[in-house]
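Read-outs throughout are calculated quantities, based only on the coordinates presented, and are distinct from any laboratory measurement. This structure is a prediction, so every number in the text was calculated from the model and none was measured. Here the Cβ positions follow ideal geometry from the backbone for every residue, glycine too, while neighbour counts run over all protein chains shown.
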Amino acid sequence: VTFSDDNSRVIAELPTGERVEVLLYGATVISWKDAQGNEKLWLSEAAKLDGSKAVRGGIPVVFPVFGTAPDHPQARDLPQHGFARTSRWEFLGKSTSESMDGRAANEATVKLDFGLSSAAQGLDPIAPKHWPFKFNLIYSVTLSQKSLTTSIVATNDDSAPFECQVLMHTYLRVKDITSVEVHGLANAPYIDKVDNLAAKTQSDPTLTITGETDRVYTPQGDPTNDPVTVVEAGKPRYAVARDNLSNVVVWNPWTDKAQGIADFAPKEGFRNMICVEPGAVGGWQSVEAGDAFEGAQTITLLD
Ligand code: TA6
């Protein structure tokens, strides 16, 4: 595990060459490469990486609100997607596990832990102003040869319950969005944010992206054993499994929206990305004083 010269990022590599890079700002994973150096996440060429705004790409951490919640008493004054992605997190440390069960010795994993609390130096000032609860977040990024897991533990250190939403806003890299299919959403109810939040059902077992797509799904299968998979030109690319995250948001801005997002570059880049975002965003997670909400995603490389 190494740090960048300006201490803004943490980089971890496995003996076999896989690599993950995490910006302390937002604890945002900004790069995930396989052993051959192929980048698996999409990062805008205009993404701000200097802490001046949320990163456009990689895996932004969304907490304590997904989108905006003007009608929610505790979250109504928060900016879109909350403050976790615009706070400077602390690097808490790393742990590695060599596989000791007889597999090749170099089948290691490396886990990076990041922390953000209501008392943190790097906390976005909008937090105490608009969400004045005592909390502690631990965000872990675990790299193995064929997968990346990100998990969050949100602890309520206050004396009264708070309500939160959690989402991992993953920008997966694809070669050509027009040959992408998303599987694993058959019969799933979803809210269509491109059609006045209409409640619909995914009748076709395969979702293809042919225009701006912004849907909050509640998949019906087993979140771990029946993952959402991204297939490209008939070849499975990614499997996204969830732990305690009941929703998956699928987003692609397409031409006009990409045009309208200042830090989305190149503008044709929507052809090379699809956001598959595990989260608990269908409702609100009430966390009792002293309790915690935990959720995780595991993205497995299938090619
Ligand atoms: O996850 C989909 C979404 O909620 C879209 O509605 C779009 O707003 C996207 O997130 C990006 O949001 P951002 O605040 O990062 O520009």
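Numbers at a glance
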quantity: Nonlocal amide H pairs with V228, under 5 Å, H built at 1.01 Å; calculated: V240
quantity: Peptides ranked, highest mean first, by Cβ atoms within 10 Å: ranges 259-268, 41-50; calculated: 41-50, 259-268
quantity: Linear extension gain, N38 paired with K53, 0.36 nm per residue minus alpha-carbon span; calculated: 2.8 nm
quantity: Three-way shape call for the chain based on the alpha-carbon gyration tensor, with the a/c threshold at 1.5; calculated: rounded
quantity: Rough spin-label spacing in nm, given labels placed 7 Å along Cα→Cβ, for E98 and E212; calculated: 5.4
quantity: Cβ-derived FRET efficiency at R0 41 Å, N272 paired with S4, nearest 0.05; calculated: 0.95
quantity: Principal axes of segment 164-303: Cα extent on each, largest first, Å; calculated: 46, 32, 26
quantity: Extension gain (nm, one decimal) between Q259 and S159, 0.36 nm per residue minus Cα-Cα; calculated: 31.5 nm
quantity: Length gained when the stretch D192-D176 is fully extended (0.36 nm per residue, less Cα-Cα span); calculated: 3.5 nm
quantity: Estimated FRET transfer efficiency when R0 is 30 angstrom, pair D222-H72 (beta carbons, to 0.05); calculated: 0.50
